[in-house]
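The values are calculated or read from the model by the stated rules, or taken from the named source; none is laboratory data. Keep in mind the model is a prediction, meaning the values are calculated, not measured. When we count neighbours, we look across all protein chains shown, and the Cβ atoms used for this are built from the backbone with ideal geometry, even at glycine.
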Amino acid sequence: MRSHTNSSLPGRCRRCWVRDGFCICAEIPTVATATRVLMVRHERESFKSTGTARVAALALPNSQMLDSGEETALTNEQLEGQLAGAYVLFPSEPPAPWPQGPVGTLVVLDGTWRQTRRMFTKLPALHGLPRLTLPPKPAPVLRLRSSTFSEGRSTLEAIADALGMLEGEVVSMPLHQLHALYVERVFRARGVWELKRLPA
């Protein structure tokens, strides 16, 4: 697949994985958060140049990344013991109310919708956590991958929206700006920016 990339290939930044000449590293903000963001990434996402969890981790010093494959026992073991007071960003019906006070840890699953559902099912450490559901987006957002359902988001975008709900725009705004910059640079590197960009 086009988005499966080796970060060591010549002509590509080894940090952000964007092609040389379009690297975003100098413009990645450092966003301090009271909430610790714990990303559980499907192992297949670690090889995709379009994965936004990687970019989120570069911007969030108070974050951690765990990779999870089909064998989830090790990931589940790594999760246990560090989820006291944690919430998981995962849809629920009916949606649970968002907490009014601070959240120590926000768990975010990174992958396709099918991959994240399988990860959630196979990680019992997450099953007892309260689940947070993001509200619908008020306007269209340009993404590197199209979503199969109307409320889908990239991982960086979802983290920005969730932290906005928890900590406000001072945290969410630079992450949304980073997402927009990343998408633009990748599309420019592919030579398709003018075709992809949303109308002003």
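Which residue out of 140, 135, 174 is touching a Pro at 6+ places or on another chain (Cβ under 6 Å) and more than 30 Å from residue 80 (Cβ to Cβ)?
Of the residues listed, the single one that is touching a Pro at 6+ places or on another chain (Cβ under 6 Å) and more than 30 Å from residue 80 (Cβ to Cβ) is 174.
List the number of the failed condition for residue 140; all other conditions in (1) buried (at least 18 other Cβ atoms within 10 Å of the Cβ); (2) under 22 Å from residue 177 (Cα atoms); (3) not hydroxyl-bearing (Ser, Thr, Tyr) hold.
(1)
Please count how many residues of segment 45-76 are of a type in the set (D, E, K, R), at pLDDT below 90 and surrounded by fewer than 20 Cβ atoms within 10 Å (Cβ to Cβ).
Qualifying residue count, segment 45-76: 2.
Given the conditions (1) more than 22 Å from residue 60 (Cα to Cα); (2) assigned to a loop (DSSP other than H, G, I, E, B), which single one is not true for residue 153?
The number of the failed condition is (1).
Of the residues that make up segment 85-101, is at least one under 21 Å from residue 53 (Cα atoms), at pLDDT below 95 and acidic (Asp, Glu)?
No: segment 85-101 contains no residue that is under 21 Å from residue 53 (Cα atoms), at pLDDT below 95 and acidic (Asp, Glu).
Name the pairs whose Cβ atoms lie under 8 Å apart, with the first residue in segment 136-147 and modelled with pLDDT under 80, the second in a loop (DSSP other than H, G, I, E, B), and 6 or more positions between them or separate chains?
If the second residue must be in a loop (DSSP other than H, G, I, E, B), the pairs left are 147/153.
Name the pairs: first residue in segment 77-95 and under 17 Å from residue 152 (Cβ atoms), second residue polar (S, T, N, Q) and surrounded by 14 or more Cβ atoms within 10 Å (Cβ to Cβ), Cβ to Cβ under 9 Å, at least 6 apart or on different chains?
89/133; 90/116; 90/133; 91/133; 92/133; 93/133; 95/133
Please list, ordered by first then second residue, the pairs with beta carbon atoms under 8 Å, 6 or more apart or interchain, first in segment 100-121 and surrounded by 15 or more Cβ atoms within 10 Å (Cβ to Cβ), second assigned to a strand (DSSP E or B) and hydroxyl-bearing (Ser, Thr, Tyr).
So the pair list comes out as 103/87; 105/87; 106/87; 107/87; 119/68.
Scan 15, 41 and give me the residue that is in a strand (DSSP E or B), surrounded by 12 or more Cβ atoms within 10 Å (Cβ to Cβ), among the basic types (Lys, Arg) and at pLDDT 90 or above.
41
Can you tell me which of 96, 56 is farther than 28 Å from residue 144 by Cα and either of a type in the set (Gly, Ala, Ser) or part of a loop (DSSP other than H, G, I, E, B) (or both)?
On inspection, the qualifying residue turns out to be 96.
Test of understanding: among 158, 180, which residue is out of contact with any His (no Cβ under 8 Å at 6 or more places or on another chain), closer than 30 Å to residue 73 by Cβ, of a type outside the set (D, E, K, R) and part of a helix (DSSP H, G or I)?
The conditions single out 158.
Name the residues in segment 57-90 that are within 17 Å of residue 112 (Cβ to Cβ) and small (Gly, Ala, Ser), would you?
Once the filter is applied, which keeps residues that are within 17 Å of residue 112 (Cβ to Cβ) and small (Gly, Ala, Ser), segment 57-90 yields 68, 69.
Inspect segment 109-116 for any residue being modelled with pLDDT of 90 or more, at positive phi and either in contact with a strand residue (DSSP E or B) (Cβ under 8 Å, 6 or more places away or on another chain) or hydroxyl-bearing (Ser, Thr, Tyr) (or both) and give the result as yes or no.
yes
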